[in-house]
Structure formats: C-alpha cells, structure tokens
1. Listed residues Lys40, Lys23, Lys29; which is loosely packed, with under 11 Cβ neighbours inside 10 Å, over 24 Å from Val300 (Cα atoms) and not β-branched (Val, Ile, Thr)?
2. Checking the structure you have, find out if any residue of the stretch 124-133 is open to solvent by 10 Å² or more (accessible area, probe 1.4 Å), over 21 Å from Ile211 (Cα atoms), of a type in the set (Asp, Glu) and modelled with pLDDT of 95 or more.
3. Considering only residues of the stretch 1-20 that are polar (S, T, N, Q) and not in a loop (DSSP other than H, G, I, E, B), which is most open to solvent (accessible area, probe 1.4 Å)?
4. Looking only at the stretch 268-295, how many residues end up being part of a helix (DSSP H, G or I) and either farther than 24 Å from Phe436 by Cβ or open to solvent by 10 Å² or more (accessible area, probe 1.4 Å) (or both)?
5. Under 7 Å between Cβ atoms, which residue pairs at least 6 apart in sequence (or on different chains) link something in the stretch 544-560 that is polar (S, T, N, Q) with a partner that is open to solvent by 10 Å² or more (accessible area, probe 1.4 Å) and outside any strand (DSSP E or B)?
6. I'd like to verify a number: residues in the stretch 358-386 that are in a helix (DSSP H, G or I) and either touching a helix residue (DSSP H, G or I) at 6+ places or on another chain (Cβ under 6 Å) or more than 16 Å from Glu43 (Cβ to Cβ) (or both), how many?
7. Of the residues Glu265, Glu324, which is among the charged types (D, E, K, R) and surrounded by fewer than 19 Cβ atoms within 10 Å (Cβ to Cβ)?
8. Among what's in the stretch 233-262 and is closer than 21 Å to Val170 by Cα and polar (S, T, N, Q), pick the residue that is surrounded by the fewest Cβ atoms within 10 Å (Cβ to Cβ).
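The values are calculated or read from the model by the stated rules, or taken from the named source; none is laboratory data. Every value quoted in this text rests on a predicted model; they were computed, and no experiment measured them. In this analysis, Cβ positions are derived from the backbone assuming ideal geometry, glycine residues included, and neighbour counts consider all displayed protein chains. With ligands, DNA and RNA removed, areas are computed over all heavy atoms of the protein, side chains included. Shrake-Rupley method; radii C 1.70, N 1.55, O 1.52, S 1.80 Å.
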Amino acid sequence: MANNKEKLFTEFSAPTTQEWLDKIQVDLKGADFQKRLVWKTNEGFSVQPFYRREDVEKLQTPNAMPGEFPFVRGNKKDNNVWYVRQEIEASDAKAANAKALDVLNKGIDSLSFRIPGKAVSAEFIEQLLDGIYCDVVEVNFNTCKRHSVELAQILVAYFEKKGYDKEKVVGSIDWDPIEKIVVDGKDVQPVLKFAPALIDTLKDYSNFRCISVNSVSLNNSGAYIVQELGYALAWGNEYLQQLVDAGVEPTLAASKIKFNMGISENYFMEIAKFRAARMLWAQIVKQYEPKCDCACKMCVNAVTTSYNMTVFDAYVNMLRSQTETMSAAIAGVHSIVVTPFDAVYETPNDFSERIARNQQLLLKEECHFDKVVDPASGSYYIEELTTSLAAEGWKIFLKVEEEGGFLAAALAGTIQDDINATNEKRHLHAAQRREFILGTNQFPNFTEKSEGKQPIDGCEDSCRHESGSIKNINSTRLAADFENLRLATEKAKKQPVAFMLTIGNLVWRQARAQFSCNFLASAGYKVIDNLGFATVEEGVAAAKEAGADIIVLCSSDDEYAEYAIPAYQATGDSALFVVAGAPACSEDLKAAGIENFIHVKVNQLETLKLFNQKLGIN
C-alpha cells in the first residue's frame, strides 16, 4: 500500500515575513510598529508580535532531545511525571505524622517537613515517619542549618534500620545557609563548613539531595524572572565550587544540589525559565568534568509565588497559582508545591490545602500534563523566550562571577540591592496601575470586608543565632500597600461614600464612572454609580442626600469646561470634589479651586492616601 502523505492548503502560497509586516503596517494606519506591538520585557529583551519558522531555525534548543544533555527538554524521556508535594509544620511529631498519613491518601506523593532544630532526634524521626514508606514517597526535610548534619545521620540510620533500597529513597534536606545571608542579612559563613560532612553522610543515597538553592526567596521578593534565573545559577555554582574546592568529587557534588525555584504569573516566560535554567546549569556542571552527563541534570522543586497573592478577593489567588502550576508542569520540573490561597493571612486550613493539592491532581488526572514530555518544544514563541532568557540570565551569572562569586556578591550586598530595587520599582508600578493586581488595584470587590483577616508578614525560623550585619532583602507583597490602605479605611468611624456625578456625553460619563468606581473602591470606599443627571445641581443634591464624602464629576473633556466649576461651587465644603480625567481646561479648573483629578496617569496609591488624609483616615 502506497504511503501517500497529502499536504494541506497547497493551493495557497505561503506569505513571507515582509508580506506580514506590510499587512501589519497597513492595519496600524501609521502607528509606530515598535511602540504598539513590540513588547519591551522586564527581562532585558524585546518580544516581537509574531514569530515564524525562519526565526527558530537559527536556534539550537529545538535540536535537543528529552533526557539528553543539555536537558533543555527535561530530564526524562518517556513521561512528564512530577511529585505533588505538600509542606507540613512538624514541631509536633505525632501531629505531623497524622497529617502526613492523611494527605498521602489524598493524592500527595511528596512530603516536606519543617522541623525545629531543637526537636531533631532519633525518637522524633521515628515518630514522624511512622507508617510512611520512604522508598515509595518522596521525603523532604527543613531544619536549623546547624542541625542538618545531625538530621542526615539520623535519617541514614533510620533508612538502614528499615532496610530501604538506597536507590529508591528520594528526597532532600533543605540546607542553604547562603539564603540567610541574602534574605535576612545574617552572617552564617561558619555554617558553610558543614557541607562536605552533609554530603558524605548521604553519599550512598543517589536520589537524596542535601544542598539547596532557594531562589524562590528572590521570586517571593519581587525579582524579575531573569534575575531569579541568573542568580540561581550563580548561587548553585557557588556551592558547587566550594564543594569541589573542599575535595568533594564533582559528580557527587552536583548530584546533591537541588533548586527550589519560584513560579510567577508570567505564564510563557516561566515555562521558558525552567527550560533555560536546565540548559545553562548543565553547561555549568559540564565545566567541572563530571564522570557522566547525569550529574548535569538540574533537579527543581517549583513553588508558586506568594508575591502576587492578596488578602482581599483571596479566591483569585487560586487562579494565579493554577496558571503558575501549569507553567511548571509543562516545563517538566521535579516537584511542585502549590501555596494555599489563604497562606498570606492565616495558617492554611484543611479546605485551602485540599484545593492546593487538587490543583495539581487536576492537571495530572484530567488534563494529562504528566503524559507528554516537553509539550512546549517547537513552539516558535517559547523557543525564542528560552533562548533570550538564557542569554540575559547568563549575563547576570557572569556579572556575579566577576564580583567574586555569589557569596562575595551577597556579602557585599549587590544582589540584595538589585532585588530591592526591582521590588521598589514593581511597587511603584502597582501604585501607578502600570502593573495590575486583579481584585486590588484593578476590579476590586466593591462590597468585600476583611472580616478580621490580617496580612502575615515574614515567617518564623528556628535558627536565629546570628545578628543581621549584612544588607538584607526587603520582601513585601505587591498588594501590601493597597491592603494597608483598605484596612485603614475599614477602621474608620464611617465608610467613605464616593458618588459618581455623571452628566453629559453618555459614552464618556459611563467610561469615567466605571474607571472612578474601580479606582476608589481600591481604598475600600463605598461607590455609588448613576445613570446620569440633567444638571449638576440635581447631581450634587442627589450626592448630598446619599451622604457622599466624595463627589466625582464624570463627563467628557469638552464638557468639563461647562460643568466642573458649577458642580464644584454647588458641592462647597460638603464633600471632596474630584474630576475624573485630565481635560485641557485643567489649569482653569485649578485656578477656580479644584484640586483633585483622577485618571490613568496619576499615582493611584498616593492619590488614595491623600484622600484618606483629607477624610481624616489614618
């Protein structure tokens, strides 16, 4: 039987790139192509509005194979299975064990226990792991860095007592003293000397890692994707170099390093980040001449970020973490932790933890994300992002190396300065609504109350021996400033009422009323929209009757010259008068005493703070 492959659409000629560009220019009607359609990313490169095969043919990444060096397409050849991981506070061994056994029956196959340093003992571990088969379930541990070697020794003794096959024990100890230098500004350099002993204790357990790179802490501090990528590579290389210098064989040293990386909301860019990270890490490890390419595989535990999570409209956090989880799953990571939606304002409860588990199980059992290796491969867009991110991330890596390595840069504070600068920039952009936070500075829930919810700042750590003598990272969630503003409004004796005085042109008054309602509701004000008034006097009278504390005039730019001053005079001292927009007659309106204008170019956060101040809300 002849094997005839019919080619579809042969009757159509394939347009060239130039023909596409010519068509786009016609559709733009004279607008600048670069300004309108080219995305200037925060990662240091531009993204074109479309890509074609010819753009990808010059790249090397599409030629890679799954499970083969440089592992850009993942560490596996035949599936995309990842561990569904849940973190458990283990200050009480019995309670933590009961919780672990419970969640293992609900889809979890990876456990992460946070153990206080003072609790580390053989008896504690015996009770904690009772009934848990460590050759079937991945087991991860986090404790005080000074007790990690002791914990490793206890675990090895426990595994041997149980007679586990060393190859089947999969897990890790989260030992990362450098994180405390970067995040907390604590000089823990003496602790670094424990690394060789830690590795030596676990050397026979090839799938149990014990040196961590916690770049998730940078992600949770607002770092751009390229910053997390570049610094994670330099961070990992710092540990690798120190271990080799201490006499640890390169293959063993590399096989003991695990990366705990964050996942932000930039869907396609995050997929590309993990692909680029694997590729670059493989190249770094290769320079140490390991005995086999298997040592070049990057083991990544991905954690959904808390940086973009919110206290208000908190269920939106599920949407954020769902797309983040999809990015990591498609990218082929080792394991994923979904941060429960309520983690930023309370200890996660059974419901939120169940939802977090099911977010991953949904992708496995219903979407079959675990069946296909690197489904993103061949996508012109993602291949371009992978290559571009790798190039920019490598620049950061080289810069850190020129500064003497990651540890030297952290001690000098240059890394902390860079992350803090980005965090400040992102907070400014959020305040200016140049970076949207759904439910916070854009489309807030008008009627929601905090109902006692309070933001949780930072976390407790069991290792607090060192004083902070180094620069640290100032980690503040992106929504925190708006949440503090809204919580202050809730504490006021009276909820401010913002009344939309809509008049004139129907299209303009509706658009500006909608904008103003969203703008002012972000501070927790009660907003009252209206269909329209025949006169400003009628509108002001209705506002006063409604007990308005703020009256927002919503009309067209041309009509403000007619309506604004009479409306302002009719309002008098009864309410704060605001004009929605930046009309050409603004100077005339200011001369008449009108001070308040809201529009897309004002700093929303500072404007709302000013309104609160004028309303007597602190």
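1. Values: Lys40 fails: loosely packed, with under 11 Cβ neighbours inside 10 Å; Lys23 fails: loosely packed, with under 11 Cβ neighbours inside 10 Å.
So the residue among Lys40, Lys23, Lys29 that is loosely packed, with under 11 Cβ neighbours inside 10 Å, over 24 Å from Val300 (Cα atoms) and not β-branched (Val, Ile, Thr) is Lys29.
2. Within the stretch 124-133, the subset open to solvent by 10 Å² or more (accessible area, probe 1.4 Å) is 124, 126-127, 130-131, 133.
Now restrict to residues that are over 21 Å from Ile211 (Cα atoms): 124, 126-127, 130-131, 133.
Checking the rest, the ones that are also of a type in the set (Asp, Glu) come to 126, 130.
Filter again for modelled with pLDDT of 95 or more, leaving 126, 130.
Among the residues of the stretch 124-133, at least one is open to solvent by 10 Å² or more (accessible area, probe 1.4 Å), over 21 Å from Ile211 (Cα atoms), of a type in the set (Asp, Glu) and modelled with pLDDT of 95 or more, which makes the answer yes.
3. Selected residue: Gln18.
4. Start the filter on the stretch 268-295 by keeping residues that are part of a helix (DSSP H, G or I), which leaves 268-286, 293-295.
Okay, now just the ones that are also either farther than 24 Å from Phe436 by Cβ or open to solvent by 10 Å² or more (accessible area, probe 1.4 Å) (or both), so 268, 274-286, 293-295.
Here the count works out to 17.
5. Ser555/Gly504; Ser555/Asn505; Ser555/Trp508; Ser555/Arg509; Ser555/Tyr563; Ser556/Gly504; Ser556/Asn505; Ser556/Trp508
6. Let us first name the residues in the stretch 358-386 that are in a helix (DSSP H, G or I), namely 358-366, 380-386.
Of the ones still in play, those that are also either touching a helix residue (DSSP H, G or I) at 6+ places or on another chain (Cβ under 6 Å) or more than 16 Å from Glu43 (Cβ to Cβ) (or both) are 358-366, 380, 382-383, 385-386.
Residues in the stretch 358-386 being in a helix (DSSP H, G or I) and either touching a helix residue (DSSP H, G or I) at 6+ places or on another chain (Cβ under 6 Å) or more than 16 Å from Glu43 (Cβ to Cβ) (or both): 14 in total.
7. Values: Glu324 fails: surrounded by fewer than 19 Cβ atoms within 10 Å (Cβ to Cβ).
Result of the check over Glu265, Glu324: Glu265.
8. Here the answer is Thr251.
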